[in-house]
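The values are calculated or read from the model by the stated rules, or taken from the named source; none is laboratory data. Values in this document were obtained by computation on a predicted structure and should not be read as measured data. Every residue, glycine as well, gets a Cβ built from its backbone with ideal geometry; the counts of neighbours run over all protein chains shown.
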């Protein structure tokens with residue numbers, strides 16, 4: 001099973017280090033002031049690194065500072081180094097690429113691009129779910145990788161006009177069957193023939 005990060009816990013721990021509580025930082029509609037933005041800078045940094053870096057390339061320090069500024073976060077090199085160390089301490093695999101200039105990046109370890117392509121193809125070719133459900137699942141799969149790989153996933157080969165289910169209840173039905181299997185209950189299936 002892939003590693004899931006408890007970002008709320010991470011944020012609470014980071015805010016505690018900075019001397020603020022989680023509710024205090026997000027009171028009345030969220031983190032909008034400069035002070036609040038600076039407190040969630042490490043989360044913006046993680047988001048930027050996850051979306052814009054991969055095993056081949058990272059972002060230089062000036063690029064990181066610029067991307068943070070685009071999110072309304074002012075940062076200096078020293079504080080970014082401290083945030084990179086905090087991410088490493090939290091268990092995020094932050095890579096340092098020895099290029100000129102030095103670059104930093106996060107290589108996703110949940111799934112490889114090839115595995116994601118197989119998942120997208122399987123979802124798109126599944127006849128048991130509706131096209132709307134397939135599109136929703138594909139969007140969720142794409143969120144598991146960076147922007148560059150998302151573009152590759154957009155170019156996956158898929159055939160338009162595949163026969164799809166017309167019922168949105170397929171996924172909930174499958175979930176109920178799994179629950180019955182786990183609880184060792186019997187399942188009765190009733191088939192209905194739809195007249196076209």
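Residues of the stretch 50-82 being assigned to a helix (DSSP H, G or I) and more than 19 Å from residue 148 (Cβ to Cβ), which ones? Walk me through how you get there before you give the answer.
First, the residues of the stretch 50-82 that are assigned to a helix (DSSP H, G or I): 50-52, 61-70, 77-82.
Within the stretch 50-82, 61, 62, 65, 68, 69, 77, 78, 79, 80, 81, 82 qualify.
Per-residue answers, yes or no, for (1) part of a loop (DSSP other than H, G, I, E, B); (2) under 24 Å from residue 123 (Cβ atoms); (3) modelled with pLDDT under 75:
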{"site": "150", "(1), (2), (3)": "no, yes, no"}
{"site": "153", "(1), (2), (3)": "no, yes, no"}
{"site": "156", "(1), (2), (3)": "yes, yes, yes"}
{"site": "159", "(1), (2), (3)": "yes, yes, yes"}
{"site": "164", "(1), (2), (3)": "yes, yes, yes"}
{"site": "178", "(1), (2), (3)": "no, yes, no"}
{"site": "185", "(1), (2), (3)": "yes, no, no"}
{"site": "195", "(1), (2), (3)": "yes, no, yes"}
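Quickly run through the stretch 100-118 and pick out the residues that are part of a loop (DSSP other than H, G, I, E, B), touching a residue at least 40 places away in the same chain (Cβ under 8 Å) and closer than 23 Å to residue 61 by Cβ.
Matches in the stretch 100-118: 101, 102, 107, 108.
Can you tell which of 85, 121, 135 is outside the structural domain of residue 155 (by TED's automatic domain parsing) and assigned to a helix (DSSP H, G or I)?
Numbers: 121 fails: outside the structural domain of residue 155 (by TED's automatic domain parsing); 135 fails: outside the structural domain of residue 155 (by TED's automatic domain parsing).
Unique residue meeting the criteria: 85.
Could you check the stretch 106-122 and list, in sequence order, the residues that are at pLDDT below 85 and in contact with a strand residue (DSSP E or B) (Cβ under 7 Å, 6 or more places away or on another chain)?
Selection gives 107 alone.
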